[in-house]
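The values are calculated or read from the model by the stated rules, or taken from the named source; none is laboratory data. Here the structure is a predicted model, which is why all the values come from computation and not from measurement. No Cβ is skipped: glycine too gets one built from the backbone with ideal geometry, and neighbour counts run over all protein chains shown. All accessible areas refer to the heavy atoms of the entire protein, side chains included, with ligands and DNA or RNA removed. Shrake-Rupley method; radii C 1.70, N 1.55, O 1.52, S 1.80 Å.
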Amino acid sequence: MLTKLGQKFTDGFTKYMPSAYVFALLLTLLTGLLAIAFTESKPLNILEGWYNGFWNLLSFGMQIVLIIITAYCIAQSSPVKKSIDRIAKHIKTPTQVYIIVITLGVLLSLISFGMVIITAILGRELALRIRGIHYPFLVACVYFSFNGWVCGLSSSIALLLNTENNFLIENGILNDTISTSYSLGSNLNITMIVLFVVVSPILMWLLIPKSFAGKELKDLQTSLDDEESSVKSEALSYKLPFKAMSDALNNAGWLQISVAVLGLIYIVYHFATKGFDLNFNIMIFIFLIVGMLLHVTPMRYSIAMKRASSNISGILFQYPFYAGIMGIMIASGLGEKLSTVLVSIATPESYAFISYLTGGIINFAIPSAGGEFAVIGPSIINMVQDLGANLSPTEITAMTARASMSVAYGESLSNLLQPFFLLIVFPVMGKGIKIQARDVVGYLFIPFMVLFVIQALLVTYLPV
């Protein structure tokens, strides 16, 4: 019954959901119209906010591009391909692929949401080797698996609350930092981790499509994959038929390894002096250095980079549109006004659920946890302080952390219906094939509804 119901939702999304780019265009117009209708901002001010916002995600977009291509470069190296071949020998059925991919993906996401690239690479490589895999459903499994990042070490809102002199402290909204023991180490967050690690794989297992006809990776390919020839063999093809200094340098393993060793020294120094500080920049640097070591020569690494960079157009031109939407929300005050309206109806019993709902709704216009919390965080925290006026400082701190993490859970869950972060998965899993957001999101609607109910109950009733 669940499989049939899931297929009906999938068919509906396939029929009505546009591409991620069209979704961004429609959302741009809708946000602009709402800003005109419900705020006092003038149309030109809204237009200016949209333009200024266009450039606010450039550094984040570049980080995403680099983490994709550096991770993909690692996957193209001979040692990794051989390791995946060995793993694939022990995986016999599509069901095993789905379960392994989503379970491993959840565990990796607890380290960093950027780790979804590793999950995507593994999923694609297994799909190339094992018959009978429903590929759009596998993409949905990979995308679903990264939802647990909000509970892990890269949870941006939890890390923000524990950062010295963050914008909330500088603006007098908070008096001091809030330790991650109140957020990531809370009973609520630990329960959420169990939900993602245990319940998510079971839920997706119940939704596995019965038929894979026409949906295997080979059925969706629109062009021959240039990675059928190894990076090493392509590098050899560039050599001149006679000895040349240029070839010697292009294929000089000592040169690339020497630079990579310097990078390794810095990585060790970074973690020795800063602890387990695993941010985007250090992750990209680690992937870059590991790729250099695995490919050995500059020529091989350059070829791997070229292949990895061939499918990132979606990120390059769509991220600015979402940044523009965020600019409208901030410049017009629409985001703050919406959050104020929602928190105005909160009570001591419902404040966490209101925060959860607010995070999920505003995420459609500001699909960035940090960017969203910059808009609605002050309203959420002021709400908690008003509701807890007669409570002890410790109790208020616990409530603030709970409300903030509830925003994070809502923001993360609504990503299942918001195609923004699919742009991270598609450069890897969509390479050389015909696939769009509408082919994937339908499989995530039932998981979204189930997790929405469970999470809403947890944030509302689980004791602090």
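A few comments on the model shown:
- Only one of Arg131, Arg124 that is crowded, with 23+ Cβ neighbours inside 10 Å, among the charged types (D, E, K, R) and within 24 Å of Ile435 (Cβ to Cβ): Arg124
- So Ala389, is it touching a residue at least 40 places away in the same chain (Cβ under 8 Å) and not basic (Lys, Arg): no
- For first residues located in region 12-39 and under 23 Å from Leu334 (Cβ atoms), partners that are aromatic (Phe, Trp, Tyr) and not in a helix (DSSP H, G or I) and lie 6+ apart or on another chain with Cβ distances below 8 Å form the pairs Leu27/Phe364.
- Within the set Val231, Val268, the sole residue that is among the aliphatic types (A, V, I, L, M), loosely packed, with under 15 Cβ neighbours inside 10 Å and either free of Cβ contacts under 8 Å to residues at least 60 places away in the same chain or closer than 30 Å to Asn311 by Cα (or both) turns out to be Val268.
- So Asp247, is it in a helix (DSSP H, G or I), open to solvent by 50 Å² or more (accessible area, probe 1.4 Å), on the phi < 0 side of the Ramachandran plot and not hydrophobic (A, V, I, L, M, F, W, C): no
- Counted as qualifying within region 381-459 are the helices (runs of 4 or more DSSP H) with 1 or more residues that are open to solvent by 10 Å² or more (accessible area, probe 1.4 Å) and at pLDDT 90 or above, namely 393-414.
- Restricted to region 152-168, and to residues there that are closer than 17 Å to Pro393 by Cβ and open to solvent by less than 40 Å² (accessible area, probe 1.4 Å), the residue that is farthest from the chain's Cα centre (by Cα) is Leu168.
- Test: Ile121 is part of a helix (DSSP H, G or I), touching a residue at least 60 places away in the same chain (Cβ under 8 Å) and more than 14 Å from the chain's Cα centre (by Cα): yes
- Applying the set (1) surrounded by 14 or more Cβ atoms within 10 Å (Cβ to Cβ); (2) under 30 Å from Leu422 (Cα atoms); (3) out of contact with any Leu (no Cβ under 6 Å at 6 or more places or on another chain) to Pro298 leaves exactly one unmet item: (2).
- Exclusive hit being among the hydroxyl-bearing types (Ser, Thr, Tyr) and under 26 Å from Ile117 (Cα atoms), set Ser350, Ser406, Ser344, Ser355: Ser406
- Looking across region 99-115, the residues that are open to solvent by 10 Å² or more (accessible area, probe 1.4 Å) and either without any contact (Cβ under 8 Å) to a residue 12 or more places away in the chain or out of contact with any Pro (no Cβ under 6 Å at 6 or more places or on another chain) (or both) come down to Ile100, Leu104, Leu107, Leu108, Leu110, Ile111, Phe113, Met115.
- Residues of region 54-93 that turn out to be open to solvent by 30 Å² or more (accessible area, probe 1.4 Å) and assigned to a helix (DSSP H, G or I), as a count: 15
- Close contacts from region 211-227, counting a first residue that is modelled with pLDDT under 85 and a second that is open to solvent by less than 60 Å² (accessible area, probe 1.4 Å) and charged (D, E, K, R), with Cβ to Cβ under 8 Å and a gap of 6+ residues or different chains, come to Asp225/Lys431; Asp226/Arg307; Glu227/Arg307.
- Just one residue in the set Ala456, Ala408, Ala437 is under 19 Å from the mean Cα position of the chain (by Cα) and either under 13 Å from Gly360 (Cα atoms) or hydroxyl-bearing (Ser, Thr, Tyr) (or both); that residue is Ala408.
- Test: residue in region 322-345 that is modelled with pLDDT of 85 or more and either in contact with a Lys or Arg (Cβ under 7 Å, 6 or more places away or on another chain) or within 19 Å of Gln455 (Cα to Cα) (or both): no
- Filtered by the rule that a residue be surrounded by 15 or more Cβ atoms within 10 Å (Cβ to Cβ) and hydroxyl-bearing (Ser, Thr, Tyr), region 15-53 gives Tyr21, Thr28, Thr31, Thr39, Ser41.
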